[in-house]
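Readers should treat all values here as calculations from the given coordinates under stated rules, not as data from a laboratory. Predicted model only: the values in this text are computed from it and were never measured. No Cβ is skipped: glycine too gets one built from the backbone with ideal geometry, and neighbour counts run over all protein chains shown.
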Amino acid sequence: MVAFTLNGAAVSVEATGAPLLHVLRGACGLSGPRFGCGAEQCGACVVLVDGAPAYACTLGIEAVAGRSVTTVEGLGTPEAPHPLQRAFLDEQAGQCGFCLSGILVAAAALLARDPDPDEAAIRAALDPHLCRCGSHNRILRAVQRAAAEMRA
């Protein structure tokens, strides 16, 4: 049994030896974190572990025991979206959306540690994330927009 905090709620799962991603999508019923490559090369599976981005596809479930895990579902709600979620919608920053859950949580981690990142800092934070749709410029604008809203 592995106990941890998931999106603010205490959970316990029986899943020793499994990658965190499989537990999140299976036992926890979440669909935000996605399986892309399984080799830490695309960022589709990225979640926050104690506020830092982590690849859920390769991180074993035992590694999050007693820790806090945040997925895109934990950033906001449909009624009260996170400023990043609003900005991504306003900037039409996603097309297919497959990459966005990992990008959103990585951007949330960036804004938590740097509320006024310049474009280079945003690019560096999101560099590990692949977006095949070519939405990069809109994604950058959305993160800048959310940062400005969060500072106001």
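Things to note:
- Loop sites in segment 17-96: chymotrypsin sites (Phe, Trp or Tyr not before Pro), DSSP, at most 15 other Cβ within 10 Å: PHE35
- In range of the label at PHE98: residues from segment 1-38 whose backbone nitrogen is under 16 Å from the point 7 Å along Cα→Cβ: 32-38
- GluC sites (Glu not before Pro) within segment 1-83: DSSP coil, no more than 13 neighbouring Cβ in 10 Å: GLU14, GLU79
- Computed over the chain, the P(r) curve from all C-alpha pair distances, binned at 10 Å from the origin, holds 12, 43, 33, 11, 1 percent per bin.
- Legend: calculated FRET efficiency, GLU119 to ARG67, from the Cβ-Cβ distance at R0 = 35 Å, rounded to 0.05, equals 0.65.
- Helix-derived mean residue ellipticity, 222 nm - over the chain, DSSP H n ≥ 4, -39500 (n - 2.57), to 500: -10000 deg cm²/dmol
- Dipole magnitude of the chain about its Cα centre (Cβ charges: Lys, Arg +1; Asp, Glu -1), debye to nearest 20: 240 debye
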